[in-house]
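Chemist: Structure incoming, see below.
Taken together, the values in this text are just the output of simple stated rules run on the coordinates, not laboratory data. Every value quoted in this text rests on a predicted model; they were computed, and no experiment measured them. Here the Cβ positions follow ideal geometry from the backbone for every residue, glycine too, while neighbour counts run over all protein chains shown.
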Amino acid sequence: MHPSLVERRRQLLAAIGDAVAILPTAPEAVRNADANYPYRADSHFLYLTGFTEPEAVLVLDGRRGKSILFCRGKNPELEIWEGFRHGPQAAAEAFAFDEAYAIEELDQRLPELLADVPALYWPLGRVAAWDARVAGWLEAVRARARFGVDAPAQFGDLLPLVDEMRLLKDEREQAILFRAGQVSAEAHVRAMQATRAGKYEYEIEAELLYHFVRNGARQPAYESIVAGGANACTLHYVANNARLNDGELLLVDAGCEFMGYAGDITRTFPVNGRFSQPQRDLYEVVLAAQLAAIAAVQPGATLDAPANAALRVLVQGMLDYKLLAGSVDGVIESGDYRRFYMHGIGHFLGLDVHDVGLRRPGGQWRQFAAGMCTTIEPGLYVRPDDSVPAAFHHIGIRIEDNVLVTANGHYVYTDAAPKRIDDIEALMQAS
Ligand code: GLY
Ligand code: MN
Ligand code: MN
């Protein structure tokens, strides 16, 4: 248990006033028959509780200022099969809840907790089964109206309140993110060292997963993309089953999840360890765009600054190498660059790989502030087309790093994975 958990709940209690807030964790998910996917708690729930068992609900009682956990009860028989469960009492002690009850008591206790409460927050309108369950509790409170009990009359979505809190990473979160970034970057180094013509994409994926797991990061933060040659032009390519060919590039987009927090790195490098001239030309454009975008990550700068900085560099490159004709401003105006660069410059990073937080609250670009964490990931993807020089056909390049906004600038914490051409070639020649 770390003190920030209690502080987060206290902050949320202050935000909801006299209301009650209800937050269930994620359900278990069946993979097939009686085999489940690896369990992953809901990120908002994890942020506020630190509790990783399924079948759990957090209730914040604003009037009494109390945080209450509902969780699986102890069950020695089942624990022989399925492993340790805290049970309410140990969970309350370990995670500093004021009260804890068995999950089976939820339907009985919630109508009591909601009596004479003016307002209720939960993840409203997200999971139909929970909306129905909340409606059932409200019905039970309303049934007591003739005894003078008032039911909540105001309802709100809980998640935006938590999203705002999650946007700024505290020191502990930053340390965990740095570790997720470090392990992810080391895995990319390992992938570069292992790459050879004739291997299969999944053999490189295995190197990444091996490094994640042996460092205590049991899961990737998202499905790894290991895309040789033309496969790199499929943005979410995850088949990872093709042979790696001499003379082609390999694009690897992979990051681990460490203690719930995501790393998200992309590197693109030559299968044979040496960039050809056309590969080098486009790579230098993407790298220059990425460095320009990273330089624009500054506290006080608006969130669109990195995208704008990268786009001008990318478009200039498209003109220089005759992918497009015209002027930088004209191509940006027309949107023609989207043929070769069709995704955003990046996203917030945290417990979710595409982390929460509005980018344009109230229609205005948000400003970067110390403690925000973002990816910066420009790319160029050239599908074959008569209008494009043949030397560039099938080349797909993306370079992605993870960046923390600091009080006076930014900190790129994933640069243990080389991205300058000389550094990549030196590493690959030596392996
Ligand atoms: N790996 C997912 C992304 O880069 O957004
Ligand atoms: Mn990525
Ligand atoms: Mn990303």
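Chemist: Please identify the GluC sites (Glu not before Pro) of the stretch 154-259 that satisfy two criteria: DSSP loop assignment and at most 13 other Cβ atoms within 10 Å. Which are they? Don't skip to the answer; put the middle values down first.
Modeler: Details: sites: GLU164, GLU171, GLU173, GLU186, GLU201, GLU203, GLU205, GLU207, GLU223, GLU248, GLU257; in loops: GLU223, GLU248.
Loop-located and lightly packed - GLU223.
Chemist: Going toward the positive end of the dipole of the chain, with +1 on Lys and Arg Cβ and -1 on Asp and Glu Cβ, which of ALA197, ASN241, GLN364 do you reach last?
Modeler: Highest projection toward the positive end goes to GLN364.
Chemist: So what is the calculated 222 nm ellipticity per residue for the chain, using -39500 (n - 2.57) for each DSSP H run with n of 4 or more, over all residues, to the nearest 500 deg cm²/dmol? Write down the numbers at each step before the final one.
Modeler: Numbers: 13 runs with 158 residues, N = 431.
Computed ellipticity for the chain at 222 nm equals -11500 deg cm²/dmol.
Chemist: Can you list, largest first and rounded to whole Å, the semi-axes you get for the stretch 177-256 by taking the square root of 5 times each eigenvalue of its Cα gyration tensor?
Modeler: Numbers: eigenvalues 92, 32, 20 Å².
With the √(5λ) rule applied to the stretch 177-256, the semi-axes are 21, 13, 10 Å.
Chemist: Another one. With θ set to phi - 60° and the Karplus curve 6.51 cos²θ - 1.76 cosθ + 1.60, what are the ³J(HN,Hα) couplings of the stretch 409-424 in order, to the nearest whole Hz, using x for Gly and Pro?
Modeler: x, 8, 9, 8, 9, 10, 7, 5, 8, x, 9, 6, 4, 4, 5, 5
Chemist: Based on the alpha carbon coordinates of the stretch 310-431, what radius of gyration and maximum Cα-Cα distance (Dmax) apply, in Å?
Modeler: Cα only, the stretch 310-431: 17.3, 52 Å (Rg, Dmax).
Chemist: What is the angle, in °, between the Cα long axis of helix 3-16 and the longest principal axis of the Cα atoms in the chain? Nearest 10 is fine, range 0 to 90.
Modeler: The helix 3-16 is inclined about 70 degrees to the chain.
Chemist: Among HIS343, ALA325, VAL388, whose Cα lies farthest out toward the positive end of the dipole of the stretch 319-431, if unit charges sit on the beta carbon of Lys, Arg (+1) and Asp, Glu (-1)?
Modeler: Toward the positive end, the furthest listed residue is HIS343.
Chemist: Among the lysines, which have Cα under 27 Å from the Cα of LYS66 when same-chain residues fewer than 8 positions away are ignored?
Modeler: LYS74, LYS169
Chemist: Moving on to the next point. Evaluate the distance, in nm, between pseudo-label points positioned 7 Å from the Cα of ARG420 and of ALA194 along their respective Cα→Cβ axes.
Modeler: So the label points at ARG420 and ALA194 sit 2.7 nm apart.
Chemist: Turning to a different aspect of this structure: Note down, for the stretch 98-191, the three equivalent ellipsoid semi-axes (square root of 5 times each alpha carbon gyration tensor eigenvalue), biggest first, whole angstrom.
Modeler: Numbers: eigenvalues 342, 42, 35 Å².
Listed largest to smallest, the semi-axes of the stretch 98-191 are 41, 14, 13 Å.
Chemist: Quick check: the angle from helix 201-214's long axis to the longest principal axis of the chain, C-alpha only, nearest 10 degrees?
Modeler: The angle comes out near 50 degrees.
Chemist: Taking Cα atoms, how many degrees apart are the long axis of helix 128-142 and the longest axis of the chain, rounded to 10 and kept between 0 and 90?
Modeler: Compared with the principal axis, the helix lies near 20 degrees.
Chemist: Using a simple spin-label model with points 7 Å from Cα along the Cα→Cβ vector, what separation in nm is obtained for VAL412 and ALA370?
Modeler: 2.2 nm
Chemist: Using just the alpha carbons, could you tell me how many Å³ per residue the convex hull of the stretch 267-321 encloses? Walk me through the numbers before you get to the answer.
Modeler: On the way: hull volume 4.0 nm³, N = 55.
Here the figure is 72 Å³ per residue.
Chemist: Let me ask you something else. What would the Debye formula give as log10 I(q)/I(0) at q = 0.08, 0.12, 0.13 Å⁻¹ for the alpha-carbon point model of the chain, no solvent?
Modeler: -0.54, -1.02, -1.13
Chemist: While we're here: Let's test the formula: R0 of 35 Å, r as the Cβ-Cβ distance of ARG214 and HIS343. What FRET efficiency results, to the nearest 0.05?
Modeler: 0.65
Chemist: If you don't mind, there's one more thing I want to ask. What is the stretch 232-313 by shape, rounded, prolate or oblate, if you read a ≥ b ≥ c off the alpha carbon gyration tensor as root eigenvalues and call it rounded for a/c under 1.5, prolate for a/b larger than b/c, and oblate otherwise? The partial results should precede the final answer.
Modeler: Numbers: a/c = 2.62, a/b = 1.33, b/c = 1.97.
Oblate, because a/c is 1.5 or more while a/b does not exceed b/c.
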